[in-house]
Structure formats: structure tokens, C-alpha cells
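Read through the structure below, which is laid out as C-alpha cells, and then see the notes.
The values are calculated or read from the model by the stated rules, or taken from the named source; none is laboratory data. Quick caveat, the model's predicted, so the values are computed rather than measured. Cβ: placed from backbone, ideal geometry, glycine included. Neighbour counts: every protein chain shown.
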Amino acid sequence: MEIKRTDLPKAKDRTVTDAIGNEVTVPAEPKSVIGSYLEDDLVALGVTPVAQWSIQEGKGVQDYLQEYLKDVPTIDSALPYEAVSSFTPDLVLMSSASVVEGAKYDQYAKIAPTYVVAKENNNDWRTRLQTIGDVVGKKEEAEKVLADYDKKAEEAKGKIQESIKDESAAAIWLVSNQLFIVGENVSSGAVLYGDLGLKVPEVVKEISATATGNWSAISLEKLAQLDADHLFLINSDGEGAEVLKDSLWSNIPAVKNGNIYEYSPDSSWLYSGPIANTQIIDDVVESLVK
């Protein structure tokens, strides 16, 4: 006898424990998910959220994801209760415990099952993806995303090493006339040095040892000591930035040698996740493999 799909037993709701100990009953197949600032993971898993993270009254969004989210309405990053409720979600994912501190968790839980993904924001995007995959019933998809990413990174690593041998690189962010450098094991630094095997400059090692965030402030004088052969610049200030006119900047070896690759803040370099990191790999290969 042929079994029709309607005859198959339906997956049941599950009770899972989140990062801060809440027992959450989640739908077997969530249909209306809000995961503010977790959209990268959701999209990679094939889940389109019902609302997407935004700031500045919806004007500021994660630009690098807009090819997937252009038709998805925005929700303020503060996640006002009324706004969350208006989307009638059947699952709300929170990135960290700080988002629901105080009595906030109970308020969100009244709207929909609310699952806190991690105790604190961290850079372990792989574990985050697996956790979200498990919660939304996409465990196998999460493993495939990771396997595909690792394969892509390994192939890119081989091409890069063949092209530039053991040359080093660093990523710099220019915003409000201030310079920041990414740490060795976080954000785009984890992609450059961990996934792609690029040599870590001494200045990056030194700053990473005491860094408290993904991006650490660095003076132009310190940057002048940067022993990087290649420089990836995320420029939030545009062409007229004063820093870029300074002779100290011009004399940085990578700048002097023309080995500087510039990206806008709309790119994925300031983010971390399967899609963001995949796009970073593509950028690095395009820049370094000739």
C-alpha cells in the first residue's frame, strides 16, 4: 500500500532546556520564528524568520543578508513586546541571557515559547548553529552547513597558500576616524587565521592577548608597526577619511605595496556566521588568489 505523506505520523512538540535552564516546549516544525541577530544561522538552515533585526527605525539592517531577507519586515533590536507580539511568532530565539535579563524572559514567554541560545554572546558560531538547528528541527541541515563550510574553507586555504605562500594578513575597521583591528580567534579573524590558515602578524598576536572584544582600538602609530603583507580594510568613513591621508598610513608596508583590499560596512566582515564567513572566504580568495 502506498503511504501518502498525510498518513505519516506528525512530529511532536518537544521540551528542551535552554542555555539559562528554562524548560521550553518548542513546536516540532516552527513556522513563525523570530531570532533577532540570529538571522544568518536561520537563513543558512533554510528558515526565513518572520521579522529581522534592525536599528534606526528599520533603516539599519544586516545588509549582507538582504538578498535573503529583502521582503522580511524589520523589528527593532530592543525587541519591544508589542512588536514581537504583532508578528504572532510560534518560537522566539534569544541570542544571549543579557537580552532577557530581569523579568523580560517571562514577558516574552507569554507571547511564544522563548529559547535562549547562549549564556553570553560568544564567537562559537558553529555551536550556535547546531543549537539553533536542534531547536528548529533542522539538526541534519546544520551538520550539512558545517560540512559544506569546512570543505569550502579547506579548498580556499589550499588556493591561498599556493598563491601567497606564508605571507601574513590583518583586518582593520575604520569608523568615526578611529581604527580597530580584529582579534586572532574571533569574528573575521577566526576566518582569516583559523579557517584559512593565514599567518598572524605579531601586532595582532600582541593585541589579541589582552583584547576584551572582537575589534580592539589601535592607534595609527601602532598600526604603522603592523607587519602584515596584506590588509583588509572595512571602511565605514568613506574615501575622504582623514586617517587615510596621514603619512603614517601611507607608509604601512601593505598600503605602500598596494596590498590593501577595501570593503564597505555593508559587507559581511563585521559579522560572524555561516553566511557571513562564507562571504568573507570569497572576498579573501578574490583578493589574494591571482
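Given the condition of a type outside the set (A, V, I, L, M, F, W, C) and loosely packed, with under 14 Cβ neighbours inside 10 Å, answer yes or no: does some residue in the range 32-40 qualify?
Initially, the range 32-40 is screened for residues of a type outside the set (A, V, I, L, M, F, W, C), giving 32, 35-37, 39-40.
Of the ones still in play, those that are also loosely packed, with under 14 Cβ neighbours inside 10 Å are none.
No, every residue in the range 32-40 fails to be of a type outside the set (A, V, I, L, M, F, W, C) and loosely packed, with under 14 Cβ neighbours inside 10 Å.
Could you check the range 138-171 and list, in sequence order, the residues that are touching a strand residue (DSSP E or B) at 6+ places or on another chain (Cβ under 8 Å) and not in a helix (DSSP H, G or I)? Outline the logic, then answer.
In the first step, residues of the range 138-171 are kept if they are touching a strand residue (DSSP E or B) at 6+ places or on another chain (Cβ under 8 Å); the result is 164, 166-171.
The answer is ASP166, GLU167, SER168, ALA169, ALA170, ALA171.
Within the range 173-197, track down each residue that is under 25 Å from GLU239 (Cβ atoms) and buried (at least 23 other Cβ atoms within 10 Å of the Cβ). I'd like the intermediate steps shown before the answer.
Our first condition is that a residue be under 25 Å from GLU239 (Cβ atoms); within the range 173-197, this holds for 173-182, 187-188, 192.
Once the filter is applied, which keeps residues that are under 25 Å from GLU239 (Cβ atoms) and buried (at least 23 other Cβ atoms within 10 Å of the Cβ), the range 173-197 yields TRP173, ILE181, VAL182, SER187, SER188, LEU192.
Yes/no per residue for (1) in contact (Cβ under 8 Å) with a residue 12 or more places away in the chain; (2) under 19 Å from the mean Cα position of the chain (by Cα):
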| site | (1), (2) |
| --- | --- |
| GLY102 | no, no |
| TYR105 | yes, no |
| ALA112 | yes, no |
| TYR115 | yes, no |
| GLU120 | yes, yes |
| ASN123 | yes, yes |
| ARG126 | yes, yes |
| GLU141 | yes, yes |
Taking the range 172-210 and keeping only residues that are out of contact with any Leu (no Cβ under 9 Å at 6 or more places or on another chain), in a helix (DSSP H, G or I) and either outside the structural domain of GLY240 (by TED's automatic domain parsing) or among the hydroxyl-bearing types (Ser, Thr, Tyr) (or both), one is left with TYR193, SER208
Picking from SER54, SER86, the residue that is within 22 Å of ILE275 (Cβ to Cβ) and among the hydroxyl-bearing types (Ser, Thr, Tyr) would be SER54
- Task: Evaluate the range 65-85: report whether one residue or more is closer than 25 Å to SER267 by Cβ, in contact (Cβ under 8 Å) with a residue 12 or more places away in the chain and out of contact with any strand residue (DSSP E or B) (no Cβ under 9 Å at 6 or more places or on another chain).
- Result: yes
How many residues of the range 205-235 are under 22 Å from the mean Cα position of the chain (by Cα) and closer than 20 Å to GLY258 by Cα? The answer is 5
Here the residues within the range 10-61 that are of a type in the set (Asp, Glu) and over 16 Å from ARG128 (Cβ atoms) are ASP13, GLU23, GLU29, GLU57
